[in-house]
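Here is the structure we will look at, set down as structure tokens.
None of the figures in this text is laboratory data; all of them are computed from the coordinates on show. Note that the coordinates shown come from a computational prediction; the quantities given were computed from them, not determined experimentally. Glycine gets a Cβ as well: all are built from the backbone with ideal geometry, and neighbour counts include every protein chain shown.
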Amino acid sequence: MSMDPNAVKTELVLILDYGSQYTHLITRRIRSLSVFSLCISGTSPLKSITDLNPRVVILSGGPHSVHTPESPSFPAGFTEWAQANGVFVLGVCYGLQLIVQRLGGVVKVGEKQEYGRMEVEVERNTGIFGSKKVGDKQVVWMSHGDEVAKLPEGFEVVARSQQGSVAAIESPARRFYGLQYHPEVTHSPEGMETLRYFLFDICKVSAGWSMENVLDEEIKVIKSTVGAEDHVICALSGGVDSTVAATLVHKAIGDRLHCIFVDNGLLRFKERERVMETFEKDLHLLVTCVDATEQFLSKLKGVVDPETKRKIIGREFICIFDAFAHDLEQKLGRKPTYLVQGTLYPDVIESCPPPGSGRTHSHTIKSHHNVGGLPKDMKLKLIEPLKLLFKDEVRELGRILDVPQGFLKRHPFPGPGLAVRVLGDVTQGNALDILRLVDEIFIRSIKDAGLYDTIWQAFAVFLPVRSVGVQGDQRTHSHVVALRAVTSQDGMTADWYYFEHKFLDDVSRKICNSVRGVNRVVQDITSKPPSTIEWE
């Protein structure tokens, strides 16, 4: 259950996804213009498209060639439907080639493949380049192996690349437009201006979508779905998504929402106290805090493999959650009906991979997101109020709901917690206590230096090695810890953060001087790829 796209009083820009790595980005860029945008598979049946009643459809790029027999395409009847209903269509890269080929033009295998930054020149100041003059040049991000050889009837070239390839086409009478480059990426500096002109000046879309709309709409949907006697449960992780989801549902149904927060013994320094204070004092949520440290750590004893750790943690969490639901049933005299989850839009899109990607439509949200699934017999209906939102939009929604700013800006924390940041057996010696203190010093130093908001995620790692050192005139044989900090948009790719030497020097001294058992600090300088963000 989530926001009905049609109920959001706005005009929808629908993106048909053909596998481009930038598809998410187009959706986000359009939303940043206060226009509601959704993304569905490019091979969706026509009914899925027409039911959403979009004002504009964008055909995304993708790694395919229109010449291969299994290359994905829009459904039969799409162009007729678009023209009969006054829908504007924009093809980007592969999307442009699809339009040309399906509407009777010719696409040939390119002699001059163009990838990367290219200069294009405007040949006609109409339509999509109506804000430009003939001869105007701009740098764009090209990406194509095939090229247009012959345009369908009624289409004209409006821009070409330096090498003479078709860079933009249009048929204003049919409301079909195409760009052979990615306007949504920062490498196309004037791309957003082109998108803005296309949506507002050509398609006459009105910018009327905001987080306030989303909030009002969601509360309405929750109130009309959850019966007057129904009770709802929610597992809080201490992260932004579950907290904002719970706060929103609480605003709609009050104390018929029952939350649980589990201390699995793998939390950061004073995490339990800090998040419980936010839940109770700031957000007035009804939260049961379960201390299950012993239960988790006893099951993790001797376990080294990170995937096994995840499975054990997921299983124990389910047992605790199950017990919580049964206790609640005894207390209320009735079973809870709904479960709140903080599923986000990228999770939804990732569960339905684009056509031609070779992956199946699995519909399984990533394992860290929905901590290991739910008991089979727990027949709860889902409430996923954030299902159509990106992370930055969730933070904006949280701000409107008065979730403290410091909480909303927190770096992501993995579901299995410190279990994947202690390499090896988490119960050995005092590894967890050492890691908590090191991590706290690192994060506190980052905050004091004013760097916290520019870093996507920062954390310490406990390494399963000892090293010889000298502390207080004595030879020591102590532990090694690693510091990792990355910058990223969404965690899919990441670069390591360049700290100044003075900062690293200070942090290293603080850690070695105040954490017993550590005599060596190293920094991780690997990007993703080739590594992951976590060390597991």
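Enumerate the amide H contacts of Leu382 below 5 Å, restricted to partners 5 or more residues apart or on another chain; note that Pro and chain-start residues carry no placed amide H.
Here the answer is Leu339, since their amide H atoms fall under 5 Å of that of Leu382.
Once you wrap a convex hull around the alpha carbon atoms of the chain, what is its projected area averaged over all directions, in nm²?
About 27.7 nm², averaged over all directions.
log₁₀ I(q)/I(0) of the range 73-133 at q = 0.15, 0.22, 0.30 Å⁻¹, via Debye over equal Cα point scatterers, no solvent, to two decimals?
-0.67, -1.14, -1.26
Please list 207-216, 229-238, 337-346, 121-130 highest first by mean number of surrounding beta-carbon atoms within 10 Å per residue.
In decreasing order of mean packing, 207-216, 229-238, 337-346, 121-130 become 337-346, 229-238, 121-130, 207-216.
Tell me the mean residue ellipticity at 222 nm calculated for the chain from its helices only (DSSP H runs of n ≥ 4, each -39500 (n - 2.57), averaged over every residue, nearest 500).
The helix contribution divided over the chain gives -9000 deg cm²/dmol.
Would you grab the residues whose amide H sits under 5 Å from the one on Ser41? Only those 5+ places off in sequence or on another chain, please, with H modelled 1.01 Å from N.
When sequence neighbours closer than 5 places are left aside, the close amide H contacts are Asp17.
Work through the residues other than Asn125 whose Cβ is under 15 Å from its Cβ and net out their charges, Lys, Arg +1 and Asp, Glu -1. Walk me through the numbers on the way to the answer.
On the way: positive: Arg124, Lys132, Lys133, Lys137, Arg160; negative: Glu121, Glu123, Asp136, Glu156, Glu170, Glu190, Glu193, Asp201.
The answer is -3.
What are the ³J(HN,Hα) couplings of the range 510-516, residue after residue, when phi is run through the Karplus curve with 6.51, -1.76, 1.60 and θ = phi - 60°? Round to Hz, x for glycine and proline.
Running phi through 6.51 cos²θ - 1.76 cosθ + 1.60 with θ = phi - 60° gives 4, 5, 5, 7, 10, 10, 5 Hz.
So if we plug the beta-carbon distance of Ile219 and Asp402 into 1/(1 + (r/R0)^6) with R0 = 22 Å, what FRET efficiency do we get, rounded to 0.05?
Details: r = 14 Å, r/R0 = 0.66.
Efficiency, rounded to the nearest 0.05: 0.95.
With the Cα gyration tensor of the range 272-331 giving a ≥ b ≥ c as the square roots of its eigenvalues, does the rule (a/c under 1.5 for rounded; else a/b larger than b/c for prolate; else oblate) give rounded, prolate or oblate?
oblate
Enter the angle in degrees (range 0 to 90, nearest 10) between the Cα long axis of helix 23-32 and the first principal axis of the Cα atoms of the chain, meaning the one along which they spread out most.
90
Provide the packing ranking of 459-467, 431-439, 498-506, i.e. peptides ordered by the mean count of other C-beta atoms within 10 Å per residue, highest first.
Descending mean neighbour count gives 431-439, 459-467, 498-506.
What's the local net charge at Ala485, with K and R +1, D and E -1, over the other residues with C-beta under 12 Å away?
-2
Report Rg/Rh for the range 8-202, rounded to two decimals, where Rg is the Cα radius of gyration and Rh the Kirkwood radius.
In the range 8-202, Rg relative to Rh is 0.92.
Can you list residues from other chains, or at least 5 along the same chain, whose modelled amide H is less than 5 Å from the amide H of Tyr181?
Sorted by chain and number, the residues that satisfy this are Cys93.
With each pseudo-label sitting 7 Å past Cα toward Cβ, what's the Gln295-Arg444 distance in nm, one decimal?
The modelled label-to-label distance comes out at 3.2 nm.
Once you wrap a convex hull around the alpha carbon atoms of the range 129-276, what is its projected area averaged over all directions, in nm²?
15.7
Grab the beta carbon distance between Ala149 and Glu534, set R0 = 60 Å, and tell me the FRET efficiency rounded to 0.05.
Working from the Cβ atoms, E equals 0.80.
Please work out whether the range 126-194 counts as rounded, prolate or oblate from its C-alpha gyration tensor, where a ≥ b ≥ c are the square roots of the eigenvalues and a/c under 1.5 means rounded, while otherwise a/b larger than b/c means prolate and anything else oblate?
oblate
Is there a quick way to get the dipole size of the range 8-202? I mean about its Cα centre, with the Cβ of Lys and Arg at +1 and of Asp and Glu at -1; what is the value in debye to the nearest 20?
The dipole of the range 8-202 has a size of about 340 debye.
Expressed as a rounded percentage, what relative contact order does the chain have, with Cα pairs under 8 Å and six or more residues apart?
Values: 1034 pairs, mean separation 63.0, N = 536.
Once normalised by length, the contact order is 12 percent.
What number, in percent, do you get for the relative contact order of the range 430-523 if the mean sequence gap of Cα pairs under 8 Å and at least 6 apart is divided by its residue count? Provide the component values of the computation, followed by the final result.
On the way: 141 pairs, mean separation 28.6, N = 94.
Across the range 430-523, relative contact order equals 30 percent.
Under a plain spin-label model, where a point goes 7 Å from the Cα along Cα-to-Cβ, how far apart in nm are Arg315 and Lys335?
Calculated label separation equals 2.5 nm.
Mind ordering 38-44, 273-279 by average Cβ neighbours within 10 Å, highest first? Walk me through the numbers on the way to the answer.
Numbers: 38-44: 19.7, 273-279: 16.7.
Per-residue mean Cβ counts within 10 Å order the peptides as 38-44, 273-279.
Given a Förster distance of 25 Å, report the FRET efficiency between Val157 and Thr50 from their Cβ-Cβ distance, rounded to the nearest 0.05.
0.25
Report, largest value first, the span of the C-alpha coordinates of the range 241-349 along each principal axis, in whole Å.
Cα spread of the range 241-349 along its principal axes, largest to smallest: 45, 35, 33 Å.
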